[in-house]
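Where a number appears in this text, it was derived from the coordinates with a stated rule and is not lab data. All figures in this text were calculated on a predicted structure; none of them were measured in a lab. FYI the Cβ positions are ideal-geometry reconstructions off the backbone, even for glycines, and counts take in every protein chain you see.
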Amino acid sequence: MISEFFYMNGYGYYVLSSFLFTLACFLGLYLITKSQLAKEQNKFNVKFGELNSEQVKEAKKQKIYKEIIAAEIYSKI
Amino acid sequence: MYNKKVKLRALFLFLSIASIILIVFLVLKSLEENVVYFLSPTEIKNLNETTTEKIRVGGMVKDNSIQINSEKINFIITDFKNEINVIYSGIVPNLFQEGKGVVAEGILKDKNFFKAEKVLAKHDEKYIPPEVKASMGEE
Amino acid sequence: MKFIKNYQFSLVQKSQKIVLYLFLIILALGLFEALILSPQDYLQGDSVRIMYVHVPSAWISLGIFSLMASLSVMVIIFKNKVFFLVAKSLAPSGFIFSLVALVTGSIWGKPTWGTWWAWDARITSMLILCIFYLMYLIAWRIFENKDYVTKITSFIAILGFINIPIIKFSVDWWSTLHQPSSVNIFSETTIHSSMLIPLGIMTAAFALFSLLIFLMKYNTELIKIKNKGLDRL
């Protein structure tokens, strides 16, 4: 039964290798993205930890979205 | 209303995209022969001169046309208007069957005779479970 | 040290987790349907199962590129930073899906057509899409100037978008080895319903995966900007 599933009338090698390739790609991309995220989070933690209480207050006032959304107008394309 | 700069950028973008699309269209049009993966038997018949270069012929394998004799396979590719005889020695893919699509790569001997070096099966867009196919055949 | 959650990131993080679990559940369901429950094809046999990873990947890679291209148009016209952050965060999963579509298609081609690769219009245009994704991703790394990189990547996305209708209609315009599309909106779908179910589930799972990667990537970009804000204090 199990070996029949893996054999798939001779197509098992093709079918399973393509499924494994897909899942491996998913896992790889997920891990890479996760590590990039963790790296930035750690940087943030270190920077935030170094702030004194006044700077913390100041940091909380920074509006992240203000910075992102602020449309920049240039005179040329 | 948006300001003038925004409108100008939109216009610039529109013009550049339109011109690029036109260029791509013209390039593809001029390269049509190379973009086409295979020729049909009718197109072969309408060729002005037969080339000795490697070309591909595609169509359906005609019913009851496959003849296998000692490592040589003969079959007929048809597009239901014209036909071409193909001779091939080698392994054919599993899906190579009568009444199914095929693409043969090789050299044209004359307008009715093609010597293939490679045979590929061309699958159609239908996906049907075997039981359903069997009941369709009975109807 | 645990990540400090007093900023706006907590919502994005929570949704990340929900999307991850939802993706895993639907993927498990889809794999079970695709590998075990769904029937064979009368002609292709079991190799038809490759379709359940090949077709959704191709669809989603086309969809993501179209989205990136339209966002890039907005970037160039309105100079809005949110649009390019979204487009940038979408790119990695789109690239992976185009790669998966090419590789699984190649694996399917061997038992079905009898060849790993053919330079027909569909496959070549799909390769060009993959290269455009790669160019887009590399452009982010090689250009230092921020304004310059935004323009370059947006133009790459818009230029690459011309390729999308070519991929879609290549099988209708020219004779190709690749078969015409089976799932159609305006004409009859030629896949039997028992095979459409796993195809739909897998498409949902793959879409959730790209949403997950998008959320993580977008979150990373936001924290990067936040870090720059902290540097200025």
- Note on the structure: For C:Y42, B:Y2, ascending order of other Cβ atoms within 10 Å (fewest first) is B:Y2, C:Y42
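Using unit Cβ charges (K, R positive; D, E negative) and no other charged atoms, how large, in debye to the nearest 20, is the dipole of the range B:13-139 about its Cα centre? Could you put the intermediate results ahead of the total?
Values: 15 positive and 18 negative charges, 59 e Å.
For the range B:13-139, the charge dipole is close to 280 debye.
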- Note on the structure: Contact order relative to length for the range C:49-179, counting C-alpha pairs under 8 Å separated by 6 or more residues, stands in percent at 31
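Net charge near A:E40, counting Lys/Arg +1 and Asp/Glu -1 over other residues with Cβ under 10 Å of its Cβ?
Surrounding charge for A:E40 is +3.
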- Say each of C:F143 and A:S17 gets a label point 7 Å from the Cα, pointing the same way as Cα to Cβ; how far apart are those two points in nm? 3.9
- Query: So for the range C:49-179, taking the charge dipole from beta-carbon charges (+1 Lys/Arg, -1 Asp/Glu), which of C:S125, C:F155, C:T104 sits furthest toward the positive end?
  - Reply: C:F155
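Calculate the mean, over all residues of peptide B:87-97, of how many other protein chain Cβ atoms lie within 10 angstrom of the residue's Cβ.
Values: counts 0, 0, 0, 1, 1, 1, 7, 9, 8, 2, 1.
Mean partner-chain Cβ count within 10 Å for B:87-97: 3.
Using a Förster radius of 60 Å, what is the FRET efficiency between B:D63 and C:F78 based on their Cβ-Cβ separation? Nearest 0.05, please. Mind dumping the intermediate values first?
Numbers: r = 61 Å, r/R0 = 1.02.
Efficiency at R0 = 60 Å is approximately 0.50.
Assigning unit charges at the beta carbon (Lys, Arg +1; Asp, Glu -1) and nothing else, what dipole magnitude in debye, to the nearest 20, does the protein assembly as shown show about its Cα centre? All intermediate terms of the calculation are to be shown ahead of the outcome.
Working: 48 positive and 35 negative charges, 630 e Å.
My answer is approximately 3020 debye.
Over the whole of C:118-125, what's the average partner chain Cβ count within 10 Å per residue? Rounded to a whole number, please. The partial results should precede the final answer.
Numbers: counts 6, 3, 7, 5, 1, 1, 2, 1.
So the per-residue partner count for this stretch is 3.
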- Task: Go through the range C:77-92 residue by residue and turn each phi into a ³J(HN,Hα) via Karplus (6.51, -1.76, 1.60, θ = phi - 60°); whole Hz please, and just put x for glycine and proline.
- Result: 6, 9, 6, 9, 6, 4, 4, 6, 5, 5, 4, 5, 6, 7, 4, x
- Query: Farthest toward the dipole's positive end in the protein assembly as shown, which of C:P198, B:Q97, B:F12, given Cβ charges of +1 (Lys, Arg) and -1 (Asp, Glu) about the Cα centre?
  - Reply: B:F12
- Message: Give the average, rounded to an integer, of partner chain Cβ atoms located within 10 angstrom of each Cβ in C:180-192.
- Response: 2
- Note on the structure: Cα extents of chain C along the principal axes, largest first, in whole Å, come to 68, 37, 31
- Message: On a full-extension model of 0.36 nm per residue, what is the gain between C:S106 and C:S70, subtracting their alpha-carbon distance, rounded to one decimal in nm?
- Response: 10.0 nm
- Note on the structure: Rounded to whole angstrom, the alpha-carbon centroid of the range C:65-134 lies from that of the range A:29-60 at a distance of 32
- Given labels modelled 7 Å from the Cα in the Cβ direction, how far is it in nm from B:N112 to B:F25? 4.3
- Query: For the range C:49-179: lysine pairs with Cα atoms under 26 Å, gap of 8 or more or different chains, count?
  - Reply: 9
- Message: For the ranges C:223-232, B:18-27, what's the packing order if you count other beta-carbon atoms within 10 Å of each residue, average per peptide, and put the highest first?
- Response: C:223-232, B:18-27
